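All remarks here apply to the structure that follows.
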Amino acid sequence: MKKMIKILIAAGALLMGSVAGVFASPLENKNALGLYVLGGEPVVSGLQYERRYNDIVSQKFDLYVVINPKEKSTYFDIYNVNFNTELDFTLFKAPWGDHFGSRLFAYGLAGYQFRSVNTSEYDRDTDKIIYGVKTTNQLILGGGFGFEFLIADHLSIPVQLGFIGAVFDDPCANFCAGIAIRYSW
């Protein structure tokens with residue numbers, strides 16, 4: 001009899017846990033994982049993990065690594081590694097029924113990028129193409145606003161607009177726009 005009660009309690013707890021997940025608002029999800037790109041100069045992209053600490057603050061981590069052994073190709077980076085962290089603050093959020101929602105947020109981004117790129121230049125005197133390698137180390141800083149769509153409880157599509165810049169080897173500052181497609185839980 002005691003074994004049957006324990007089985008019923010365990011089954012009931014399991015059922016309650018699964019039902020609570022079905023009826024939870026997508027705004028209550030604490031984690032997200034997916035692909036991300038923030039276009040500007042420099043470009044920030046890769047695999048992104050987000051952890052929401054509470055209703056207001058979350059932190060995102062991005063990692064992108066490319067190693068291309070083609071030494072004579074001018075179309076691809078030889079090495080491109082960037083790691084970024086992004087802190088965002090929810091300004092406004094709204095559920096759209098039980099399975100949809102949206103968030104307006106402000107974000108700040110900081111990161112590091114190492115790039116090694118093949119270059120080529122035509123030398124008129126020798127009538128040859130001269131190949132070279134350009135390597136940059138950059139500290140990336142950015143900030144702006146974003147709007148996140150939460151669809152069917154688990155699909156997260158944030159759209160971001162802002163400014164991004166880099167300092168050190170090749171300094172720059174530009175407008176940026178980005179999008180991600182992530183699974184949230």
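The values are calculated or read from the model by the stated rules, or taken from the named source; none is laboratory data. Remember, predicted model here, so these are calculated numbers, not experimental data. No Cβ is skipped: glycine too gets one built from the backbone with ideal geometry, and neighbour counts run over all protein chains shown. Side chains are part of the model used for accessible areas, which takes the heavy atoms of the whole protein and leaves out ligands, DNA and RNA. Shrake-Rupley method; radii C 1.70, N 1.55, O 1.52, S 1.80 Å.
The HN-Hα couplings worked out from phi for the stretch 163-179 by the Karplus form 6.51 cos²θ - 1.76 cosθ + 1.60 (θ = phi - 60°) are 10, 9, x, 9, 10, 5, 4, 9, x, 7, 8, 8, 6, 9, 9, x, 8 Hz, whole numbers, x standing for Gly and Pro. Model label sites at Trp185 and Arg51, defined 7 Å from Cα along the beta-carbon direction, differ in position by 1.6 nm.
Loop-located trypsin sites (Lys or Arg not before Pro) across the stretch 93-184 with a Cβ neighbour count of 15 or fewer within 10 Å are Arg124, with loop assigned by DSSP. The distance between label points at Ile67 and Ala110 comes to 2.9 nm (points 7 Å beyond Cα on the Cα→Cβ vector).
Per atom type, the stretch 43-185 shows carbon and sulfur on 67% of its accessible surface, probed at 1.4 Å.
Across the protein chains, with a 1.4 Å probe defining accessible surface, the residues Leu38, Leu47 rank Leu47, Leu38 from largest area downward. Note on Asn174 and Gln59: the model spin-label points, each 7 Å out from Cα along the C-beta direction, lie 2.9 nm apart. Ligands, DNA and RNA are left out, and with a 1.4 angstrom probe the accessible area of the stretch 102-184 is 54 Å² per residue.
In straight-distance terms, cross-link reach from Lys128 covers every one of the aspartates and glutamates whose alpha-carbon lies under 19 Å from its own, apart from those fewer than eight places away in the same chain; here that gives Glu71. Annotation: His99 carries an accessible surface of approximately 70 Å², with a 1.4 Å probe and no ligand, DNA or RNA atoms counted. Summary value for the stretch 75-121: 51 percent relative contact order, contacts being C-alpha pairs under 8 angstrom separated by 6+ residues.
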